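Inspection log for the structure reproduced underneath, given as structure tokens.
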Amino acid sequence: QVHLVESGGGLVHTGDSLTLSCTNSGTWFDSLAMGWYRQAPGKMRELVAALTFGGTTIYGDDVKGRFTISGDNRENAVWLQMRGLKPDDTAVYYCAARSTASSTSSLYDYWGQGTQVTVSS
């Protein structure tokens with residue numbers, strides 16, 4: 001069974017940096033793509049960044065130039081380096097993954113429980 005676990009969240013100040021990690025503490029799977037999403041209070045969950053292990057990366061408009069996603073399929077791991085944090089980045093950050101064996105119509109098969117990032121002004 002796959003179990004994605006996020007870590008690295010916390011309370012920081014405007015302009016600070018933070019790195020989030022997501023690892024699979026369960027059974028390894030061959031991942032096609034992994035990503036980070038976030039959800040702020042009263043808002044919809046939104047894409048932060050995602051990558052495919054074929055070499056494609058995408059970023060949400062709000063984080064381009066500030067955040068960097070990286071991953072390792074051998075570890076079922078994905079990281080999110082966040083720089084220049086702003087109060088608007090405050091949210092619960094979730095990692096997600098899609099297996100190469102997936103046959104579902106959902107974009108991702110697996111989701112973590114989330115880690116809180118709070119940026120104070």
Review point. Out of all the residues in the range 56-111, which are assigned to a loop (DSSP other than H, G, I, E, B), farther than 18 Å from residue 46 by Cβ and open to solvent by 40 Å² or more (accessible area, probe 1.4 Å)?
Key: 56, 83, 100, 101, 103, 104, 105, 109
Check your understanding: Of all residues in the range 32-49 being within 19 Å of residue 87 (Cβ to Cβ) and out of contact with any Lys or Arg (no Cβ under 8 Å at 6 or more places or on another chain), which is surrounded by the most Cβ atoms within 10 Å (Cβ to Cβ)?
Key -> 36
**Study point:** Residues of the range 3-31 satisfying the condition of being closer than 15 Å to residue 111 by Cβ, buried (at least 17 other Cβ atoms within 10 Å of the Cβ) and not hydroxyl-bearing (Ser, Thr, Tyr)
**Key:** 4, 6, 20, 22, 24, 29
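The values are calculated or read from the model by the stated rules, or taken from the named source; none is laboratory data. Bear in mind that the values here come from a model prediction, so they are computed numbers and not experimental data. A quick note on method: Cβ atoms are made from the backbone with ideal geometry, for glycine too, and the neighbour counts reach across all protein chains shown. Calculation scope for accessible area: heavy atoms of the full protein, side chains included, ligands and nucleic acids excluded. Shrake-Rupley method; radii C 1.70, N 1.55, O 1.52, S 1.80 Å.
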